[in-house]
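J.: I'd like to ask you about the structure that follows.
The values are calculated or read from the model by the stated rules, or taken from the named source; none is laboratory data. Quick caveat, the model's predicted, so the values are computed rather than measured. Because the Cβ atoms are built from the backbone with ideal geometry, glycine has one as well, and the counts that use them run over all protein chains shown.
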Amino acid sequence: MKVRRLLVFVLLVAVLGGGFTAWRVFFAAGAKPAYKFASIESGPLTASVAATGTLNPVVSVQVSSQISGQIREILVDFNSPVKVGDLLARIAPETYEHRVHQAEADLEAARATVAVQQAELFRARVNLTDAERDFARKQTLVAKNYISPADLDKAQTTLDAARAQLKVVEAQAANSAALVRQREAALGQARVDLSRTEIRAPIDGIVIKKSVEPGQTVAASLQAPEMFVIAKNLTDMQVEASIDEADIGRVALGQEVSFTVDAFPGRRFKGRVMQVRKAAQVVSNVVSYTVVISAANPDLALLPGMTANVRIITAQKDAVLKVANAALRFHPPESGEKPTRGPASEGRPPGSGTGRGRGAEGSSGKLWVLGEDGKPKAIEVKTGITDGNQTEIVSGDVAAGQQVIVGMSVQGEKTKPAQPRMF
């Protein structure tokens, strides 16, 4: 009896196991797919380009030293307001004062030389006049045979020598006059260098950077050393944003811009595109272009150097048909088509350097709806602008409120139990 009961139990277990296996093969494998749907909506849509940039003053001037020397004193500090001509710092002037004194002495010596040459010039002219009178007198005497012709020839030689001497003295006088002008220029240069020991503000503004301290030596050689940076007006700022080459074609002058800074996370600032610089910047084989954006700062909340998360509005429409980008990327497995990316990728973080809503406006796409037979049916559509999450439907046999497929899952699908870990 025990053996018979054991055989019956084994047979019952085998029948139940075979039935469960047959159910898994013939019923569970044929589970119908369940589709995920989204509605086509009607409403406003805004396309934009996202990037990051740095806040800078519209006008900032680096104040440098054109001469070398030790800094005697600093008269301003960070955030000091200055006017044109205000004294910022002073370099030790003793060396340049001595150069001025030396140039003044050289000028006096040159002027004395000119005085000597003027006297020589006067004497040469007197000698020439005397030689001319003597020559004329001897010509008369030779005509009356009172003196020999040899005396006349000697007078002629003396006259020629006096004329040559006058030309030499005139040239020396001109050279002395030129030397005076040269000394005057040297004196002027020495006085200019002496005046440069006083570093003065070139514009009205605020000192936003100070790079030197009293006692420090500045050396002006091939490049002037930076001492201060003065911002002209901090109420008018600008953002210099780097835009990816794939998005720069959609950026134009005058477009509205909004941006945020980490210092004020709940506040959004406004601006406009003021300049698109054509000089490309290549960093790690990534090409970008600098776009300058105006930023009003009436309350001086924005500070130079802050990082701005920029959103440039490239297109905006008030009432359009729009659909989730996932619907444009969906393709049912039985269609034989490979899934493709839609006009825009979703979830780009701000400041990634690529715009939201990348893609060609007016491109073609497909939307899938559930047909009467319960199978997906494709609808050809033409797409427009996109904000990265939704895309405009320009044309196609669709209407607002219509359900389209965005994904699918299989009913009855269970998660496979985890395999035991083998040690």
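J.: Given the options VAL257, VAL229, VAL212, VAL239, name the one that is touching a residue at least 24 places away in the same chain (Cβ under 8 Å) and either acidic (Asp, Glu) or in a loop (DSSP other than H, G, I, E, B) (or both).
T.: VAL212
J.: Residue by residue through region 167-216, note down the ones that are of a type in the set (D, E, K, R) and farther than 16 Å from GLU104 by Cα.
T.: LYS167, GLU170, ARG196, GLU198, ARG200, ASP204, LYS209, LYS210, GLU213
J.: Please verify whether GLY266 is out of contact with any strand residue (DSSP E or B) (no Cβ under 7 Å at 6 or more places or on another chain) and loosely packed, with under 11 Cβ neighbours inside 10 Å, treating the condition exactly as stated.
T.: Against the criterion (out of contact with any strand residue (DSSP E or B) (no Cβ under 7 Å at 6 or more places or on another chain) and loosely packed, with under 11 Cβ neighbours inside 10 Å), GLY266 qualifies.
J.: Inspect region 219-226 for any residue being outside the structural domain of LEU302 (by TED's automatic domain parsing), in a strand (DSSP E or B) and in contact (Cβ under 8 Å) with a residue 40 or more places away in the chain and give the result as yes or no.
T.: Of region 219-226, the ones outside the structural domain of LEU302 (by TED's automatic domain parsing) are 219-226.
When the remaining residues are screened for being in a strand (DSSP E or B), the result is 226.
Add one more test, that the residue is in contact (Cβ under 8 Å) with a residue 40 or more places away in the chain, and what stays is 226.
Yes, because at least one residue in region 219-226 is outside the structural domain of LEU302 (by TED's automatic domain parsing), in a strand (DSSP E or B) and in contact (Cβ under 8 Å) with a residue 40 or more places away in the chain.
J.: Would you confirm, using the coordinates I've provided, whether ALA185 is part of a helix (DSSP H, G or I), of a type in the set (Gly, Ala, Ser), modelled with pLDDT of 95 or more and loosely packed, with under 13 Cβ neighbours inside 10 Å?
T.: yes
J.: Inside region 30-137, counting only strands (runs of 3 or more DSSP E) that do not spill past its ends, which hold 3 or more residues that are small (Gly, Ala, Ser)?
T.: The strands (runs of 3 or more DSSP E) meeting that bar are 33-39, 41-57.
J.: A further question on this structure: Go through (1) over 19 Å from the mean Cα position of the chain (by Cα); (2) within 19 Å of LEU302 (Cα to Cα) for PRO214 and report which single condition fails.
T.: (2)
J.: With the structure loaded, tell me whether LEU234 is of a type in the set (A, V, I, L, M), assigned to a loop (DSSP other than H, G, I, E, B) and surrounded by 15 or more Cβ atoms within 10 Å (Cβ to Cβ) or whether it fails that test. Lay out the reasoning, then the answer.
T.: Details: of a type in the set (A, V, I, L, M): yes; assigned to a loop (DSSP other than H, G, I, E, B): yes; surrounded by 15 or more Cβ atoms within 10 Å (Cβ to Cβ): yes.
For LEU234, the condition - of a type in the set (A, V, I, L, M), assigned to a loop (DSSP other than H, G, I, E, B) and surrounded by 15 or more Cβ atoms within 10 Å (Cβ to Cβ) - is met.
J.: Could you say whether any residue in region 262-274 is of a type in the set (A, V, I, L, M), touching a Phe, Trp or Tyr at 6+ places or on another chain (Cβ under 9 Å) and in a strand (DSSP E or B)?
T.: no
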